[in-house]
Each structure stands twice: as structure tokens, then as C-alpha cells.
1. Considering every residue within segment 125-140, establish whether at least one is in a loop (DSSP other than H, G, I, E, B), surrounded by 16 or more Cβ atoms within 10 Å (Cβ to Cβ) and not β-branched (Val, Ile, Thr).
2. Please tell me if Gly108 is touching a strand residue (DSSP E or B) at 6+ places or on another chain (Cβ under 9 Å) and over 23 Å from Leu54 (Cα atoms).
3. With respect to Tyr120, is the statement that it is surrounded by 15 or more Cβ atoms within 10 Å (Cβ to Cβ), modelled with pLDDT under 95, in a strand (DSSP E or B) and over 15 Å from the mean Cα position of the chain (by Cα) true?
4. Given the conditions (1) buried (at least 20 other Cβ atoms within 10 Å of the Cβ); (2) in a strand (DSSP E or B); (3) in contact with a Gly (Cβ under 8 Å, 6 or more places away or on another chain); (4) not basic (Lys, Arg), which single one is not true for Glu109?
5. Checking Leu4 against (1) over 13 Å from the mean Cα position of the chain (by Cα); (2) part of a strand (DSSP E or B), which test does it fail?
6. Evaluate segment 21-37: report whether one residue or more is hydroxyl-bearing (Ser, Thr, Tyr) and assigned to a strand (DSSP E or B).
Amino acid sequence: MALLDIRLYGDPVLREKAQPIKEITDEHRLLAEDMAETMYAASGIGLAATQVGLLIRIIIVDVNWARAEERESEPKRPVAMINPEVLEESVEDDDYQEGCLSLPGIEGEVWRSVLIKVRYTTLDGETVIEECEDLHARCILHEIDHLDGTLFIDRMSPAGRRQLDRPLRRLAESASGEAQAEGEA
């Protein structure tokens, strides 16, 4: 298994739409392992393939790791979701401070449904339909947004987003500077 590079805000791949996976291969299974390892190393609870530069529809989630104090005692239970699709969303929603591995240090209030029904394919090719609520639902919605080229900041209120203009600009500048330095190496 290997750690993958997480793409940062300003990288154009984060605004691209991922393509469905037609046939699950051993490469997808290995990718899912690498994505899970990368997510845990970054102390995340979700990761989309677009965040590691791949435009395919696969996400990894493990909300058991949501609270730092549980990371030592809770076993890792990553779930790989191939071609995840939200079938239903509750009309009841709630706000929550979201963050993102591709926007380190940036958080903002986002309203999302508290209950969803999602369909996805497992790495073994099985179709699963599952109801998820609260943080689990939020995490899945956040990662599916990544597959569609949407970032959590796009879902913030205009006033909330304006408050992040300066930190986002700095993050984009630092990401483009790092990409430029890698190109020169």
C-alpha cells in the first residue's frame, strides 16, 4: 500500500466530473486500499478519487474516526463505494462545520440533509442500498460532491464564503507554487 498525494484547492482536477467505473478490477481494489491509507494518514473520514487526481467514481468513508479521541480505540472500517448515487434525501437538514483534506485549515458552515438513501457497488461487485444519517450521510454527500467537481465551499452561504476569500486565495497560491516547483524539479 502507498500514500497518495492529496490535491489541494486550486488544482483543476478538483473541479472535474469523475466518470463511472464500468468494471471493477484489481487496480481499483488496490486504489481503494491506498486511498484508505491516505485518508487515515491525513486524519480524514472520507476521500474521493478526484482528491488524489483520478477522475473515476470511487469514494472511501469511515466516520468511526470522526472524533480524535476515538482514533486509537476504534478499529478502522473503511467502506469503498463505487459509483455512489443518492437515491433519496430527507427534507430535514442541519448545518455543520465542514472541512476537507483538499482545503487544509479551512472550515465553513454547510447545510446538508440529515438522512439519505444511497446506492453503490462494493469492491466485490455487489450492489448495496443503504440508509445513512447524520455525519455518515454528510460525509457521503461531501465525497459525492467531489466526484461532481463541487467543493463544500460552493455550498456555503455567500457571506460565509466571503469570509474565506483570503485564506482560499493563499491556499490556491501555495498549491500553484508547489505544482510549479514540482514541474521544475
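The values are calculated or read from the model by the stated rules, or taken from the named source; none is laboratory data. Computed from a prediction, not measured in an experiment: that's the story for all the values here. With ideal geometry, Cβ positions are generated from the backbone for all residues, glycine too; neighbour counts draw on all protein chains shown.
1. Checked segment 125-140: no residue is in a loop (DSSP other than H, G, I, E, B), surrounded by 16 or more Cβ atoms within 10 Å (Cβ to Cβ) and not β-branched (Val, Ile, Thr).
2. Numbers: touching a strand residue (DSSP E or B) at 6+ places or on another chain (Cβ under 9 Å): yes; over 23 Å from Leu54 (Cα atoms): yes.
Spelling it out, Gly108 is indeed touching a strand residue (DSSP E or B) at 6+ places or on another chain (Cβ under 9 Å) and over 23 Å from Leu54 (Cα atoms).
3. Working: surrounded by 15 or more Cβ atoms within 10 Å (Cβ to Cβ): yes; modelled with pLDDT under 95: no; in a strand (DSSP E or B): yes; over 15 Å from the mean Cα position of the chain (by Cα): yes.
Spelling it out, it is not the case that Tyr120 is surrounded by 15 or more Cβ atoms within 10 Å (Cβ to Cβ), modelled with pLDDT under 95, in a strand (DSSP E or B) and over 15 Å from the mean Cα position of the chain (by Cα).
4. So the condition that Glu109 fails would be (1).
5. (2)
6. Pass one, segment 21-37, residues hydroxyl-bearing (Ser, Thr, Tyr): 25.
After this cut, where a residue has to be assigned to a strand (DSSP E or B) as well, the list is none.
No, there is no match, as no residue in segment 21-37 is hydroxyl-bearing (Ser, Thr, Tyr) and assigned to a strand (DSSP E or B).
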